[in-house]
Amino acid sequence: MRRRKEKRPRHDDVAPLVAAASRARLNAYAPYSRFRVGAAVRTHDGAVYTGANIENASYPLSHCAERVAIHKAVSDGHRRLDTVAIVADGKGPAMPCGACRQVMAEFGVRRVIAATPAGRRRVRTLRHLLAEPFLAERLPGRRGNANPRGRA
Ligand SMILES: [Zn+2]
């Protein structure tokens, strides 16, 4: 029996998104960690936004690539996001941090692809990565959140 090293969808519909994240990684501002990360987010209607990690000498002010890309999309008016691709330095795919997972949940991200520059990939649903997100519907007086599809 032949073993496949990586799990990939039959139709590789995320390749352009991964390529965009890989290009974005080259714009990372990571003079402290030297850990460059690029991200690309595809909105529900097919637009693509990219981001790179941006560090600061005051470390807590640094931003993850995923949130840079998501916030660019949201600040352009998009509220429904679908897929996020992440390409980070290193031998293995780097999964998004907890804060980024929560931001992804706010805007309905369904799928996350973490990849390396060499092409290794991990594909996960956000539901798998963040089983029980905190959503606006839990706030008093709120019935929904920015994600009209909901996640329940
Ligand atoms: Zn993060």
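The values are calculated or read from the model by the stated rules, or taken from the named source; none is laboratory data. Since we're looking at a predicted model, the values are computed, not measured. Glycine also receives a Cβ, built like all others from the backbone with ideal geometry; neighbour counts cover every protein chain displayed.
Points worth noting:
- Test: residue in segment 125-146 that is closer than 18 Å to S22 by Cα and either modelled with pLDDT under 95 or among the polar types (S, T, N, Q) (or both): no
- Considering segment 84-114, and only residues there that are touching a Phe, Trp or Tyr at 6+ places or on another chain (Cβ under 9 Å), within 11 Å of the ligand (Cβ to nearest atom) and outside any helix (DSSP H, G or I), the residue that is nearest to P133 (Cα to Cα) turns out to be A94.
- Residues of segment 26-51 satisfying the condition of being over 15 Å from I70 (Cα atoms) and either in a loop (DSSP other than H, G, I, E, B) or within 14 Å of the chain's Cα centre (by Cα) (or both): L26, N27, A28, A30, P31, Y32, S33, R34, F35, R36
- Hey, D13 away from the ligand (no atom under 15 Å from the Cβ) and more than 27 Å from F134 (Cα to Cα) or not: yes
- The residues on offer are S62, S58, and the sole one that is out of contact with any strand residue (DSSP E or B) (no Cβ under 9 Å at 6 or more places or on another chain) and farther than 20 Å from L17 by Cα is S58.
- Of R42, R80, R36, all but one fail to be touching a helix residue (DSSP H, G or I) at 6+ places or on another chain (Cβ under 6 Å) and over 16 Å from V123 (Cα atoms); the exception is R36.
- Of S62, S75, S58, all but one fail to be within 10 Å of the ligand (Cβ to nearest atom) and hydroxyl-bearing (S, T, Y); the exception is S62.
- Taking the criterion of being under 11 Å from the mean Cα position of the chain (by Cα) and farther than 13 Å from M95 by Cβ, no residue of segment 112-122 qualifies.
- Residue among R122, R142 that is touching a residue at least 12 places away in the same chain (Cβ under 8 Å) and either loosely packed, with under 15 Cβ neighbours inside 10 Å or away from the ligand (no atom under 13 Å from the Cβ) (or both): R122
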